[in-house]
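K.L.:
The structure that follows is given in the form of structure tokens.
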């Protein structure tokens, strides 16, 4: 959330060098030149549903096989595609299925209450505020955008109870040192998908990192991108084309 396609520029370039056609779309209400744009306050689930339909349509026109990957909010949308579309491979990376410090059982209540109060912009870095140089996007997000995104997550978790994913193979990537998204909720999705497709759904856990969330943007401190990048590329395009082990 709040990032632009530049976040995945390095990953996209390496996949292209491996011979793949690559599309890195701009999410609705994202990527405006004005870093303090208020566009995110108008983000709704319907915007995202329409967008993923378009993304999959475009991808199918560019190759015989389709792999979809995304990070955080993009990871949630990648998982949504993996549930609803017959793609070859789905790789949600640290997908948003809840907030790290909020227990699963409370997240729905929190999200619905957020939607009943005025929409607020919050800073990713409350100290630096607009002086925070976000690597690839806006320095702030909105409370309603978080709540609407969780509605998508909740719907997907409910569907995963009874319906097998449409993707032929799924690799969910999580960060053991995650500070933003709820890994317990991500594992809930993993277990539900695993019951349907035990041989084609796997969970890959990144270990040995400092406390972090954005493990994709190329300008993150502690050389996070350098440390994580090869593992993400391998998760998206594994050498044996099936399983991933970190």
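K.L.:
Specify the residue that is nearest to residue 91 (Cα to Cα); the eligible residues are those in the range 151-192 that are assigned to a loop (DSSP other than H, G, I, E, B) and out of contact with any strand residue (DSSP E or B) (no Cβ under 8 Å at 6 or more places or on another chain).
P.N.:
Per the criteria, the residue is 166.
K.L.:
Here's another thing I want to ask about it. Check the range 150-161 and report whether any residue there is surrounded by fewer than 20 Cβ atoms within 10 Å (Cβ to Cβ) and more than 20 Å from the chain's Cα centre (by Cα).
P.N.:
yes
K.L.:
Consider the range 104-134. How many of its residues are in a loop (DSSP other than H, G, I, E, B), touching a residue at least 60 places away in the same chain (Cβ under 8 Å) and either in contact with a helix residue (DSSP H, G or I) (Cβ under 7 Å, 6 or more places away or on another chain) or under 20 Å from residue 184 (Cα atoms) (or both)?
P.N.:
Number of matching residues: 1.
K.L.:
Right, another one. Could you say which residue among 111, 69 is surrounded by 18 or more Cβ atoms within 10 Å (Cβ to Cβ) and within 23 Å of residue 201 (Cα to Cα)?
P.N.:
Being surrounded by 18 or more Cβ atoms within 10 Å (Cβ to Cβ) and within 23 Å of residue 201 (Cα to Cα) holds for just one of 111, 69, which is 69.
K.L.:
Continuing with the same structure: Does the range 25-66 hold any residues that are in contact with a helix residue (DSSP H, G or I) (Cβ under 6 Å, 6 or more places away or on another chain) and closer than 20 Å to residue 238 by Cβ, and which are they?
P.N.:
66
K.L.:
Are there any pairs with C-beta distances below 8 angstrom linking a residue in the range 80-98 that is at positive phi to a residue that is buried (at least 24 other Cβ atoms within 10 Å of the Cβ) and at pLDDT below 95, with the two at least 6 apart or on different chains, and if so which?
P.N.:
none
K.L.:
A follow-up question, please. Out of all the residues in the range 189-212, which are under 22 Å from residue 82 (Cα atoms) and under 16 Å from the mean Cα position of the chain (by Cα)?
P.N.:
189, 190, 203, 204, 205, 206
For every residue, the table says whether it meets (1) more than 22 Å from residue 5 (Cα to Cα); (2) surrounded by fewer than 15 Cβ atoms within 10 Å (Cβ to Cβ); (3) modelled with pLDDT under 95.
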{"site": "180", "(1), (2), (3)": "no, no, no"}
{"site": "187", "(1), (2), (3)": "yes, no, no"}
{"site": "191", "(1), (2), (3)": "yes, yes, no"}
{"site": "206", "(1), (2), (3)": "yes, no, no"}
{"site": "219", "(1), (2), (3)": "no, yes, yes"}
{"site": "229", "(1), (2), (3)": "no, no, yes"}
{"site": "235", "(1), (2), (3)": "no, no, no"}
{"site": "244", "(1), (2), (3)": "yes, no, yes"}
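K.L.:
Can you confirm whether residue 56 is at pLDDT 95 or above, within 19 Å of the chain's Cα centre (by Cα), surrounded by 13 or more Cβ atoms within 10 Å (Cβ to Cβ) and in a helix (DSSP H, G or I)?
P.N.:
Against the criterion (at pLDDT 95 or above, within 19 Å of the chain's Cα centre (by Cα), surrounded by 13 or more Cβ atoms within 10 Å (Cβ to Cβ) and in a helix (DSSP H, G or I)), residue 56 qualifies.
K.L.:
Within the range 72-99, track down each residue that is surrounded by 24 or more Cβ atoms within 10 Å (Cβ to Cβ) and part of a strand (DSSP E or B).
P.N.:
Hits for the range 72-99 are 90, 91, 92, 93.
The values are calculated or read from the model by the stated rules, or taken from the named source; none is laboratory data. Note that this is a predicted model, so its numbers are computed, not measured. Methodologically, a virtual Cβ is constructed for each residue, glycine included, from the backbone with ideal geometry; neighbour enumeration extends over all protein chains shown.
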